[in-house]
Amino acid sequence: MAATMLTSTLFNPYPFLGMVDGNGAQAAARGVVTAAAALGGLVIFRWGGPVRVRSLALEKPAAVRSSALGSLAFGVLTGLPLAVLNAFALSFTQGQPFQWQNPLASLVDALQPGIVEEVVYRFAFLGLVWLALRRSCPQQAGWLAGLLALLVHTFMHYDSLYLEAPLAAIGMGTLTAIVWGLPMTILALRRDLESAIAFHWIQDVARFFAGF
């Protein structure tokens, strides 16, 4: 993640903690945060957490590779129609025509939000909430944790809009959560982290390629 952030041209995240900005500083910060989240998520996964990492399954290496690649392909194919819809929705809501960008840069830069956000929110954060809920409501803990992670991840994208038009922020956040966030949550809980990452990745590939 640090390496791809260093060369990023289309992905411009908010300053980390409101202070850390620039590709080099962002690369270091995002690399550390993602590594810490991944390690924490893996510990929870080993404790029976609700989000499976298929590439770490205790099976024969060849079978694991094939299974993980299948999940990545499934996530991309599932997400592609919504990725196209998302690009057209952005064009409509922002009143801006498509401005085609470098396809290779789109493919690479989309790894940043696709991997980092899924690892942080739908692996580590979801897992932490599951840990807190698993004793009080063991049957529903996974889905309740997934719902909370979905809401936090979705509505954090509209933080500035809350100050300008809170009702619009709630409406757009709710629509985004249902149309785009819910499929990623279902993929993470019912299939694996890899499929959720691939679904997220293809959304941003289309967005970056179309110039948004």
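Step by step: first the residues of the stretch 11-27, then only those that are among the aromatic types (Phe, Trp, Tyr) and in contact with a helix residue (DSSP H, G or I) (Cβ under 7 Å, 6 or more places away or on another chain), then the one that is surrounded by the fewest Cβ atoms within 10 Å (Cβ to Cβ). Which residue is that?
PHE16
Considering only the stretch 1-12, state which residues are modelled with pLDDT under 85 and assigned to a loop (DSSP other than H, G, I, E, B).
MET1 - this is the single residue of the stretch 1-12 that is modelled with pLDDT under 85 and assigned to a loop (DSSP other than H, G, I, E, B).
Just checking, does the stretch 131-150 include any residue being out of contact with any Phe, Trp or Tyr (no Cβ under 6 Å at 6 or more places or on another chain) and under 30 Å from LEU6 (Cα atoms)?
Yes: the stretch 131-150 contains one or more residues that are out of contact with any Phe, Trp or Tyr (no Cβ under 6 Å at 6 or more places or on another chain) and under 30 Å from LEU6 (Cα atoms).
Name every residue in the stretch 28-58 that is basic (Lys, Arg) and either closer than 22 Å to ALA206 by Cα or buried (at least 16 other Cβ atoms within 10 Å of the Cβ) (or both), in order of residue number. Before you say what the answer is, go through the steps one by one.
Quick first cut of the stretch 28-58, residues basic (Lys, Arg) only: 30, 46, 52, 54.
Scanning the stretch 28-58 gives ARG30, ARG52, ARG54.
I'd like to check something: does the stretch 78-100 contain any residue that is in a loop (DSSP other than H, G, I, E, B) and either in contact with a His (Cβ under 6 Å, 6 or more places away or on another chain) or buried (at least 17 other Cβ atoms within 10 Å of the Cβ) (or both)?
no
Go through the stretch 119-146 and report how many residues are touching a helix residue (DSSP H, G or I) at 6+ places or on another chain (Cβ under 6 Å), part of a loop (DSSP other than H, G, I, E, B) and within 21 Å of GLY181 (Cβ to Cβ).
Within the stretch 119-146, residues that are touching a helix residue (DSSP H, G or I) at 6+ places or on another chain (Cβ under 6 Å), part of a loop (DSSP other than H, G, I, E, B) and within 21 Å of GLY181 (Cβ to Cβ) number 0.
The values are calculated or read from the model by the stated rules, or taken from the named source; none is laboratory data. These numbers were taken from a predicted model, which means no experiment stands behind them. Reconstructed Cβ throughout: ideal geometry from the backbone, glycine too, with neighbour counts over all protein chains shown.
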